[in-house]
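The values are calculated or read from the model by the stated rules, or taken from the named source; none is laboratory data. Please read all numbers here as calculations on a predicted model, not as lab measurements. A quick note on method: Cβ atoms are made from the backbone with ideal geometry, for glycine too, and the neighbour counts reach across all protein chains shown.
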Amino acid sequence: MAPNQILTAAQMRSAEQRLIDGGETVESLMERAGAGAAEWIWRLSGGRAVTVLCGPGNNGGDGYVIARVLAARGCDVQVVAPIAPVTDAATTARARWNGTPVQRASGEVFVDCLFGTGLARPLSDDLAHSLSDLALAHETRVAVDLPSGVHSDTGALLNDHLPDYDLTLALGAWKCAHWLMPVSAKMGERRLIDLGVGEGSSDLALAQPPRLRGPAADEHKYSRGLALVIGGEMIGAAVLAARAAQHSGAGYVKLLSEHSHPDLPADVVHIDGDLEEALADERLNAVLVGPGLGRGDLARHVVATVLGHDRPTVLDADALAILSPELVPSDPSRILITPHAGELLTLCKAFGIVREGKVEQALALAEASGMTVLAKGPDNVLAAAGKATISPPAPQWLSTAGTGDALAGIATSRMACGETPSAAALTAVTVHAEAARLAGPMFSASGLIASIPEACGSFL
Ligand SMILES: NC(=O)C1=CN([C@@H]2O[C@H](COP(=O)(O)OP(=O)(O)OC[C@H]3O[C@@H](n4cnc5c(N)ncnc54)[C@H](OP(=O)(O)O)[C@@H]3O)[C@@H](O)[C@H]2O)[C@H](O)CC1
Ligand SMILES: [K+]
């Protein structure tokens, strides 16, 4: 098994075909999928009655296998089948299940096997109502492969009022929707069932935690990394970024701003000098521009000046509203951009990109700009050089002002430590999420920043 690869529906079909070419049959795969899913449902149900909703395709076929396996273990199982099987494997699975479907059911555990990766369009009103009525009538809900009514490749919800699940059992490999919003918020716990799918040619993977290293014995503040945060009209955002950078590994963080700020800690060095001069410092390892910058002519001049200096650079917030193809330097490989959903759309427009879905948009923007793209949000997609990773979900308490500035500060600090833009972005997302877990509920951006050192410690 390749537990981190994430496949599109088409790639999943190719992977399935490779297994079949290697001697498997759809029926044998369905038996393995159904038995694997039944094992989880058996444990979760703890003797409670189970209702399986079966659709017409192979996802429905999995449902008949699940019903048969659970019934053989003595479980009270009912099947609701609004559409008869249409595939050979599902027809066989239905024939092997020794039961008659019911019109209505009232078990305690609901198992959704209506549609999986083959869903081609929104559910009809009748099917959508059957699904939501059954889900509401059960206290525990399990989705097999995918919740029905969702787009496997983009994570989009194709119908309104789709149910939330307690457990989603991915079959064979993760699909994009398992980790992309808005669907990923409906999944509950996620578990992957091994069907023998090996490493394929996927350009998408689940992000793995980074390994950080502490300073060497002879390290000093400059060798650990000098980061420059450039302030603008709203100094508070740059201060948050600089404070986060200070706690994320760089030995020295400078904040360039003509304004001072009462919350600026003494260990962030405030300079009020010339931008060109600050950028010309040979010892400078990374630059952040954007948080609180402003969007006027002066801000545009600052962004153009920074990009003209060819330093490892993070562009965030206002700098992303200014960025355009003309500003991209000849070697953009040292630049990380960190757009949220709205900024991603603006950038796609600016770079002439017309694609559906966050992964496709991030990959296309990385290709068009040559930069590394961290499309941040409740799902974080990192794209560079034709490859993308999605990070596991972070605490929802991160939805508070200033946390994006902190993320940009962490990434800048990691680039100052010598990490590539991709590695720095991955570290930033992971450390940010861990700091949020450590900070507990209802933290402010300052509370999050205070937890960064301990969060970094988890990855040393
Ligand atoms: N990949 C593997 O290794 C294995 C996967 N398994 C399971 O199989 C499904 C995928 O099966 P598939 O049959 O391709 O797809 P679905 O079960 O999701 O359903 C497709 C059928 O439903 C019809 N359809 C599509 N959209 C709708 C709709 N909105 N309303 C009604 N009907 C719809 C579609 O026909 P159309 O021609 O009408 O489009 C198909 O008939 C995967 O998710 C796994 O659960 C196997 O277990 C084996 C291993
Ligand atoms: K399903």
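Here are the numbers for this structure:
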item: Boolean, Ala137 is in contact (Cβ under 8 Å) with a residue 12 or more places away in the chain and within 26 Å of Glu356 (Cβ to Cβ); result: no
item: Which listed residue, of Ala143, Ala170, Ala128, is part of a helix (DSSP H, G or I), more than 21 Å from Leu426 (Cβ to Cβ) and within 14 Å of ligand 2 (Cβ to nearest atom); result: Ala128
item: Strands (runs of 3 or more DSSP E) wholly inside the stretch 333-451 containing at least 1 residues that are within 15 Å of the chain's Cα centre (by Cα) and in contact (Cβ under 8 Å) with a residue 12 or more places away in the chain; result: 372-375, 381-384, 387-390
item: Residues of the stretch 29-63 classified as surrounded by fewer than 16 Cβ atoms within 10 Å (Cβ to Cβ) and near ligand 1 (Cβ under 9 Å from one of its atoms), total; result: 0
item: Residue check, Ile66 within 16 Å of ligand 2 (Cβ to nearest atom), more than 28 Å from the chain's Cα centre (by Cα), in the same structural domain as Leu123 (by TED's automatic domain parsing) and surrounded by fewer than 22 Cβ atoms within 10 Å (Cβ to Cβ); result: no
item: Some residue of the stretch 177-190 being part of a helix (DSSP H, G or I) and either surrounded by fewer than 19 Cβ atoms within 10 Å (Cβ to Cβ) or of a type in the set (Ser, Thr, Tyr) (or both); result: yes
item: Test: residue in the stretch 71-89 that is of a type in the set (Asp, Glu), more than 16 Å from ligand 2 (Cβ to nearest atom) and buried (at least 16 other Cβ atoms within 10 Å of the Cβ); result: no
item: Residue, farthest from Gly36 (Cα to Cα), within the stretch 66-110, restricted to residues that are touching a strand residue (DSSP E or B) at 6+ places or on another chain (Cβ under 7 Å) and among the small types (Gly, Ala, Ser); result: Ala105
item: Answer residue from the stretch 111-122, given it is farther than 18 Å from Thr51 by Cβ and among the hydrophobic types (A, V, I, L, M, F, W, C) and is modelled with the lowest pLDDT among those; result: Ala120
item: 2 or more residues within 25 Å of Thr389 (Cβ to Cβ) and of a type in the set (D, E, K, R): qualifying helices (runs of 4 or more DSSP H) within the stretch 192-308; result: none
item: Subset of the stretch 241-269 (residues that are surrounded by 15 or more Cβ atoms within 10 Å (Cβ to Cβ), out of contact with any Lys or Arg (no Cβ under 7 Å at 6 or more places or on another chain) and over 19 Å from Gly402 (Cβ atoms)); result: Lys254, Leu256
item: Residue ID - farthest from ligand 1 (Cβ to nearest atom), chosen from residues in the stretch 146-167 that are surrounded by fewer than 22 Cβ atoms within 10 Å (Cβ to Cβ) and in a strand (DSSP E or B); result: Leu167
